[in-house]
Structure formats: structure tokens, C-alpha cells
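Below is one structure, written out as C-alpha cells; comments come after it.
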Amino acid sequence: MFIEKVIIFDQTEVLLKLIAVNSMMISHTGTIKSINNQRLIVKIISETACASCHAKGSCSSSEQSEKEIEVRQSENRFAVGEEVLIVTSVGQGYRALLYAYLLPLILLVTCLIALISLTKDEATAAVGAIICLAPYYSLLWLFRHKLQDSFHFSIQKQSNISFNE
């Protein structure tokens, strides 16, 4: 599936053409919530695949959540309340999945197996395995600024984007 995104900037009249070949970029539309210095806080609505389904009212698996993304921008060309498009690479998305889901899962399963073999009690091992996650999430919290600096997002004005399929 090829999706061609054409972006035209108002002041510079520069035509930037991005071709997303099924898995090169991740994009979300959002609204600028606040601007402090050169940090923009963008609110996005994250939906599961079935959130747009016509039967979501009778299904318990549809889910929608609001998230905030901080974007650093050197130019001051955005305003609060403006609709924008947030773009990042798939590689950064995979790295976020690694930190948020895969590493904690590996730690949890490893601790569970080790504690079951040591204690022979599944309930104690389960509680101990969950407690093993506390140091991991504490380390993530301690290094949150370093992690935050390693993830980069670009931002474009939503009104200047047209999609051709």
C-alpha cells in the first residue's frame, strides 16, 4: 500500500513530498494544547482499530484514549488549538514498544520462572514477579529525560496536507 502525502508550507511555498511505503513513518493528527518556549504539547486521540467500527457501541473491545506528545520546534509558526500532523519513524515506534512492553514482559516471565523454581509456590512467585518490575519502571522514570531526548517527532500543519491514493 502506497500513501503519498504532499505537504505545502504557507510562507515558504516549499513542496515536500513524503512517500510512506506501508511501514516507514507513523503519523497521528492532533491539536496543539499548549506552547511553552519551543516545546509544543500536542493532544492526540489514540483509537484501537475497531473504535471506528459501526458496532462499537455494542462491543466491549473498542477503546479510545487521549495522549499528549511533546514536540520541540525551533520555529514559532504554530498556535494553540491548531490541527497538526505528528510524524515519527517506525523504528522509534518499535523502540518505544521495546521499552514499554517487550522488556517488562521478558523481565516478568524470567522472574516468574525463577521464583516458581525457588519457592514452589505460584502465588508467591506471581507477587514476586510483579514486584520485580518496580526496579525496571523506577529506572525508566529516573532516565525519563534522557529517553525523552532520544525520541524525535516532526510536526506539520494539518490544513496543508492532502492525501492521494
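Details
- Tabulated pairs, region 104-119, first modelled with pLDDT of 95 or more, second charged (D, E, K, R), C-beta under 8 angstrom, 6+ apart or interchain: Ile116/Glu122
- Qualifying position, being surrounded by 11 or more Cβ atoms within 10 Å (Cβ to Cβ) and more than 30 Å from Thr31 (Cβ to Cβ), among Leu140, Leu103, Leu85, Leu147: Leu103
- Residues in region 96-118 that are of a type in the set (Val, Ile, Thr) and farther than 27 Å from Leu147 by Cα: 2 in all.
- Subset of region 73-103 [touching a residue at least 60 places away in the same chain (Cβ under 8 Å) and farther than 12 Å from Gln156 by Cα]: Ser89, Val90, Gln92, Gly93
- Counted residues, region 107-121 - those being of a type outside the set (Lys, Arg) and surrounded by fewer than 12 Cβ atoms within 10 Å (Cβ to Cβ): 3
Table: residues versus (1) under 27 Å from Leu140 (Cα atoms); (2) aliphatic (A, V, I, L, M); (3) in contact with a helix residue (DSSP H, G or I) (Cβ under 9 Å, 6 or more places away or on another chain); (4) modelled with pLDDT of 85 or more.
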residue	(1), (2), (3), (4)
Leu16	no, yes, no, no
Lys43	yes, no, no, yes
Cys53	no, no, no, no
Gly57	no, no, no, no
Ser60	no, no, no, no
Glu75	no, no, no, no
Ile86	yes, yes, no, yes
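The values are calculated or read from the model by the stated rules, or taken from the named source; none is laboratory data. This structure is a prediction, so every number in the text was calculated from the model and none was measured. Every residue, glycine among them, receives a Cβ derived from its backbone with ideal geometry; neighbour counts consider all protein chains shown.
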